[in-house]
Amino acid sequence: MPYCDDFIGVVAVGSRYNGAVSSERIGRYEILETLGKGAMGVVYLARDSIIDRRVALKTLRIDIDPDYAGEFRERFFREARAAGRLNHSGIVTIHDVGECPDTGLVYIAMEYIKGQDLEQMLGADRRLHPAEAARIVAEVALGLDYAHNLGVVHRDIKPANIILTTDGSPKVMDFGVARLESSNLTVDGQFIGTPNFMSPEQITGKTVDGRSDLFSLGVVLFKLLTGTRPFKGANMHEVTLKIAQEACPIPSTVVPGLPAAFNPIVLKCLEKDPARRFQTGAELAEVLGALARALVPRSEDDAGRTSVTSSQPDIPTSEPVSKSRSFDFRHPLKDLPLPSWIYWPVEGRWAAAIIGGWALIILIAVVILNMTVDRGPWPSPSAEAVLGRHWTVKKYMHAQDALAHGNLPAAEAACLQALHQAPASPGGRALAAQIHRALETEETILADRNRVEDLVSEGRDFYRKGRYQSAVQRFKQALDIDAGHELASSYFELASERLKDTRRQPTHRTTPVRTTTAIAAQPKPAPPQAEPIPGLVKIHLRFDSPLNSGHLTVTLDGESLEEIPFDFSRKGLLGIKRKGTGALRRTLIAPSGHHTIGIKLFSEKLGTPAEASFEENLVAGSQWSLRTDLPSVKARPSFFLIRSD
C-alpha cells in the first residue's frame, strides 16, 4: 500500500536523476520498493541495516533546474528541522536525515505507516459518516495544536496529507512545506501548498500562522462531510478568487440530513478573517469531540465506510489523552424497542455530576420544607365546639326522623338549622335535597287533588244542566289525573249513558228522577286541607371580637341553637402562632312564636362567662339582630336583641 500518493520528496543537489536510484542502498538504508512519487521527490520503503527497522525514505529528485536546486535543498533541510522537533501520536515521526556520500542524494527517514490517506479513501463524491468525520478531524486538530505550540505551521493540510492507520488513528504527514514561524525562507509572491485547500492569507501572501492550518482543516472537514469542496471553479484563478472573497456554503444545505450542528463549526473554521476562526486546534478538537460523542452510537458499517479495522473511541479533548470509563447500556438493552437516546453511552463523570446536582437540590428543598412544617402543639377542639357538632348531628337525625314520618315542615326546619352550622356537609346537603323533593311531590299531589275536585264539581254542574258531553269530558280529565277517584268514575258512567240515550232519542231528553235524586243525595266531599307550615325567623349574629379565642353559645328556650367557637390566631414564620382579633357574622334560623333567646360568651380572658337572655314574640318571616359589644379585653360584654326588618 503506498505511503502517500502526493508525498513531497527530499531535495538533493548535484547530478541528473532518472526517477529511481541506481543502487539498492542509500547510505545505511537498503531499498526494498518504491512507494510513490511526489512533486519534488521519490518515496521508498527501506530497511535500516543497523537497527533492522523499516522506514519510509524520502529522497530529492535531482532532475530539476540547477538554479533552483539550492533553494529546494534548503527547503528540504528546513522540513527536517521543523518535523524533527515534533513527537506526537498524530504526526509522522522523523527518524533520520542525511546525505549519501556515494550518490550525493539527500534523504529523510521517517516511520513507515500502514494505512491509506483520506484522498485515496474517499475518491469521487464519497463522504464519511458524520461521527467518524468529526473524530478524525478532532484528532488531526490536536496534532496541529501540538505543532503550533512548538512554532511549526504545516501550510499544506489536505486529505492526501492525512493518513489513517489500520486502527483508525489519523496521522498528519508531509511537513515538506512547513516552516518555523521565526524563519523567512519563502520567496515573496510565491505560495506553497495545494490551492484548493489554502487559506485566504496564503493566497494573498499575508502572514501565515496556525490559524491558516485550521482553515485548511475546515475545508477537509467540509469534504469529508459532503464529498465535495466548498470552493469549486473551472480554473485555479476562479478557485482562489472564491476562497478569498466568497462565503462558504452551509454543509446541511449541500447534503440533506446532515446534522445541523456541523454548520457553525465548519463556517467558523472557514472565516476569511483569522481572528474570527478557532484560535487553536485544541478549541476545535474540544467542540468536535463533544459533537462526536453526541452522534454515537455509530452504525455497524462505519468501519467499512472508513476502511479501517476498528473504530477509535470517543475523541479526546486535550493533551495528554485522558479517557474516562463510560456506562454503556447498549448491549443488555439492544433487543428492546426503546428510544435511540437510551442507547447513548453516558460519561461517568457527567452522570455523577448530574446525579449529585439533583441530590443537592432535593436536599435543599427538603430542608426548606422541613423548616416550614408546623409541628404543633395542635390544640384539641373545645368542649363547646364538640357540643356544637353534636347538636348539628342531632338536628340532622331529627330531620331524618321527621322525613320518615312524613312531617316535611319539621324536617325542613331541622335540616336548615343544621346546615347553618355545617353548610359544607355533603350528607346535610343530600338530606336537604331529599326533603325538597318530598315537599315538591307533596305539593304536586295536593295540586292534583284540588284539580280533580274542581273537575268533578264542574262535571256535576254540567250533568245537572243536561250538558252530558261537557260532563263526560270533565270526568274523563279527572280520571286521567286520579284513576281511582270513585265519585268521578260513577258520574262518568252515568253521564256516558245519558249521552247515549240522548243520541238515540234526540227529541226526548228526560232525566230519571230516581237516579238524579240518588246522586243529589250524595254529600259533596270537602277538599283536603294542607297542614299549615310553621313560620321561620332569621336571627343575625354580630360580634366584633377583641378576644383571640373563645366560643359563643345561642340558646332557644333553654336548648342550644348554635355553638360558635372562634380562634383568630395567625401563623407566622416557621409555623409560630400569633394572636389576633376578628369578627363573627352568622345567620341563625329559628321557629316563630313566643320564645326565650339566650346568649353566652366564653373566653379565658374574661374569666367568668358573660350571658344574657331575651323573651320575644318572633313573628313568622321577621328578622332580628343579636349583637355583642365588647370594647376591650378587660371590659364586660353587652348583649342586644333588636328586630331589624
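Rg over Rh of the stretch 542-645, using C-alpha atoms and the Kirkwood radius, what does it come to?
Rg divided by Rh gives 1.03.
Along each principal axis of its Cα atoms, how long is the stretch 393-455 end to end? Whole angstroms, biggest number first, please.
46, 19, 14
Using a 1.4 Å probe over the heavy atoms of the protein chains, calculate the carbon and sulfur portion of the accessible area of the stretch 547-618 as a whole percent.
Ligands and nucleic acids excluded, carbon and sulfur reach 48 percent.
Work out the P(r) tail for the stretch 71-168: percent of alpha carbon pairs separated by more than 18 Å, whole number.
Here the long-distance tail beyond 18 Å is 55 percent of all Cα pairs in the stretch 71-168.
Note down the net charge around residue 422, summing +1 for each Lys or Arg and -1 for each Asp or Glu among other residues with Cβ under 14 Å from its Cβ.
Taking every Cβ under 14 Å from that of residue 422, the sum is +3.
Would you please give the FRET efficiency between residue 385 and residue 355, computed as 1/(1 + (r/R0)^6) with r the Cβ-Cβ distance and R0 = 60 Å, to the nearest 0.05?
Between residue 385 and residue 355 the formula returns 0.75.
Keeping every protein chain present and rolling a 1.4 Å probe, give me the accessible area per residue for the stretch 227-275 in Å².
Value for the stretch 227-275: 51 Å² per residue.
Sort largest first and round to whole Å: the equivalent ellipsoid semi-axes of the stretch 435-485, each the square root of five times a Cα gyration tensor eigenvalue.
Over the Cα atoms of the stretch 435-485, the semi-axes work out to 28, 9, 6 Å.
If packing is taken as the average number of other Cβ atoms within 10 Å across a peptide's residues, how do 463-475, 160-172 rank, most packed first?
Descending mean neighbour count gives 160-172, 463-475.
Rounded to a whole number, what % of the accessible area of the stretch 361-414 do carbon and sulfur atoms account for, probe 1.4 Å?
C and S fraction of accessible area: 70 percent.
Compute the FRET efficiency between residue 642 and residue 579 as 1/(1 + (r/R0)^6), taking r as their Cβ-Cβ distance and R0 = 30 Å, and round to the nearest 0.05.
E(calc), rounded to 0.05, equals 0.45.
Which value in Å is the Kirkwood Rh of the stretch 373-489 over different Cα pairs?
18.0
The values are calculated or read from the model by the stated rules, or taken from the named source; none is laboratory data. Owing to the predicted nature of the structure, the values given are computational and were not obtained by experimental measurement. Cβ atoms come from the backbone with ideal geometry, glycine included; neighbour counts cover every protein chain shown. The area values use the complete protein model at the heavy-atom level, side chains included, leaving out ligands, DNA and RNA. Shrake-Rupley method; radii C 1.70, N 1.55, O 1.52, S 1.80 Å.
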